[in-house]
Amino acid sequence: DTLFNMALVHQSQNNHDQALKYHREALQMRENHYSNGVHRDIIESLISTSRTLIDGAEYEEAAKLCNRAKSELEKMRWTNESLYGSCLHNLGCIYHKRGSLNESMESLLKALQIRQQSLPQYHLDVA
């Protein structure tokens, strides 16, 4: 968790390169540790790394990570979880940056619905 949290600190300071470095290290360690299957920590790393990639305008790689997380969440039937909402939110941002406005709105609306159902009423992710 330390590498993951270091990445979040760097991300909050707009230090893209360092955040991405620590996110990738955390993801690799989590994948090695949970080698027998997918774990919530891996999905969290995929989504957070994709957010950093979006911030760095690396949309193709961000989309790959988001789609991987989305697929894993769907396999586990965790589509009502806030993590799934975060994944759809990131995909909506990617679509928007790429100019696919209809896909962006569709993804963001689904993300909003899930977040409204899975998070407290005044949670900032709903805002």
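The numbers here are math on the coordinates, done by the rules we state, and not lab data. All values derive from a computational prediction rather than experimental measurement. Heads up, the Cβs are rebuilt from the backbone with ideal geometry, glycines too, and the neighbour counts pull from every protein chain shown.
Listing for the model above:
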| read-out | value |
| --- | --- |
| Charge context of Lys70, other residues only, Cβ under 13 angstrom, K/R +1, D/E -1 | +2 |
| Among Ser48, Leu73, Gly37 the positive-end extreme of the charge dipole of region 36-98 (Cβ point charges) | Leu73 |
| Proximal aspartates and glutamates relative to Lys97, as straight alpha-carbon distance under 18 Å, when same-chain residues fewer than 8 apart are discounted | Asp55, Glu58, Glu60, Glu61, Glu106 |
| At R0 = 25 Å, FRET efficiency that the Cβ-Cβ distance of Gln13 and Lys64 yields, to 0.05 | 0.45 |
| Spin-label pair Trp78/His96, simplified geometry with 7 Å Cα→Cβ offset, distance in nm | 2.5 |
| Of Ser50, Ser35, Ser71, the one that fluctuates the most in a GNM where the chain has Cα springs shorter than 10 Å | Ser35 |
| Projected area, mean over directions - the chain, Cα convex hull, nm² | 7.6 |
| Gained length - His33 relative to Leu119, 0.36 nm times residue gap less alpha-carbon distance | 28.1 nm |
| Environment charge of Asp1, counting only residues whose C-beta is closer than 13 Å and scoring Lys/Arg +1, Asp/Glu -1 | -1 |
| Charge dipole magnitude, Cβ of K and R +1, D and E -1 - the chain, Cα centre, debye nearest 20 | 200 |
| Inter-label distance, nm, simple model (7 Å from Cα along the C-beta direction), Glu106/Arg40 | 3.0 |
